[in-house]
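Coordinate-derived values only; no laboratory data. Just so it is clear, the model here is predicted, and its values are computed rather than measured. Heads up, the Cβs are rebuilt from the backbone with ideal geometry, glycines too, and the neighbour counts pull from every protein chain shown.
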Amino acid sequence: MSTVRSAFNKASNDYNDHAFLQKEIASRLDEKFEVITSSSEVILDLGAGTGLLSNNLKKRFPNSQIICLDFAQNSLKNNQSKHKICANANHLPLVDSSVDIVISSLMMQWCPDLKQLFSEIHRVLKNDGLILFSTFGPDTLKELKKSWSVVDNETHVNTFTDMHDIGDKMLGAGFQSPVMEMEKLTLTYQTAIDLLKDLKAIGAQTVGSRSKALMGKDKFKLMTQMYESYRQDGKLPATYEVIYGHAWKRISSLGTIEINNN
C-alpha cells in the first residue's frame, strides 16, 4: 500500500490534467443518483483524491456535508473541499452509523482486502444508508496484459476483481441485494509508451512499467511490438472494464445479488 500511496502523491499535482477517464467515470457515477435516491445529510467520498467526484457531489447535494477521505495526503492538498481526512479506507476514523451515503470512484481496485473495506463501510453507514461505487474489472488493460504475457510469466499489469466476487463480499459484510453493472470503455493511443506514460501520470502505473532497465530493453521492445497487433485505424486501444455497484445497509435482511451486463 505504501508504494501505491507514494505513486498517487507524486502524481497529485498533474493528476487532473491526465485523468480524462477518471473524470468521465466520476461523472457517470454521479449520474446514478438520478435513479437512486437516499438520505444525504452526510456523504463520504472514499478515495476522494483531488476532488473529481466531490466537485460533482457539491452541485448535486448543496446542503449536505461532504467528507473527502484519501490516504494520499498530497492528493487532498489539491482537493478544494472543506472537510478532508487523510486515512486508510480499511480503518475509517468515523463513528458507527454516522454516514448516509458512502460513494467511491475508482478506489476499490487499490484495496487488497475488500472484505475489511466493506465491513468498515457497513459499520459507518446509518441504517438504510447507501454505498455506491465504481471500480475496474478483470478485462481492464487486457491488450497490455496479453502483450506482456508473450514476453514472460511475470506480473506486469495490476489485477482486478470480478464483479461477482465483489458482490459476494458485499453480501458477506451485511449489505442487502447488491446491484452490479458493467460497461467497457476504450481509450486510444499512438504508441504503447504513451499509454504507460498516461498510467504513470495518474499514479496508476502498471507493475512492470517502473523500470525498463530492470526488465531489460529487449523484453520491453518485444512487448511494444506485440501491442502493435491491436492497432486499428492507426490507433492502439486500451480497454477498461468499468464496474458500478450499489447496495443499502438494512439491518436484519437477507440479500441476493442482481447482475446487469450492459
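A few points about this structure:
- Gained length - Ser27 relative to Lys146, 0.36 nm times residue gap less alpha-carbon distance: 39.9 nm
- The modelled label-to-label distance for the pair Ala87/Asn153, using points 7 Å beyond Cα in the direction of Cβ, is 4.4 nm.
- Surrounding net charge for Ile131, when Lys and Arg each add one and Asp and Glu each subtract one, Cβ distance under 13 Å: +2
- Cut-off under 5 Å, modelled amide H: who pairs with Ser177 long-range: Gly255, Thr256
- Here the Karplus relation 6.51 cos²θ - 1.76 cosθ + 1.60, evaluated at θ = phi - 60°, turns the backbone of region 168-176 into coupling constants of 4, 5, 5, 4, x, 8, x, 6, 9 Hz, with x for every Gly and Pro.
- Counting only lysines at least 8 places from Lys115 when in the same chain, those with an alpha carbon closer than 22 Å to its own are Lys126, Lys169, Lys249.
- Annotation: amide H of Arg231 has no partner in the under-5 Å range at sequence separation 5 or more or interchain, hydrogens built in the peptide plane.
- Net charge over other residues, Cβ less than 12 angstrom from the Cβ of Val99 (K, R count +1; D, E count -1): -3
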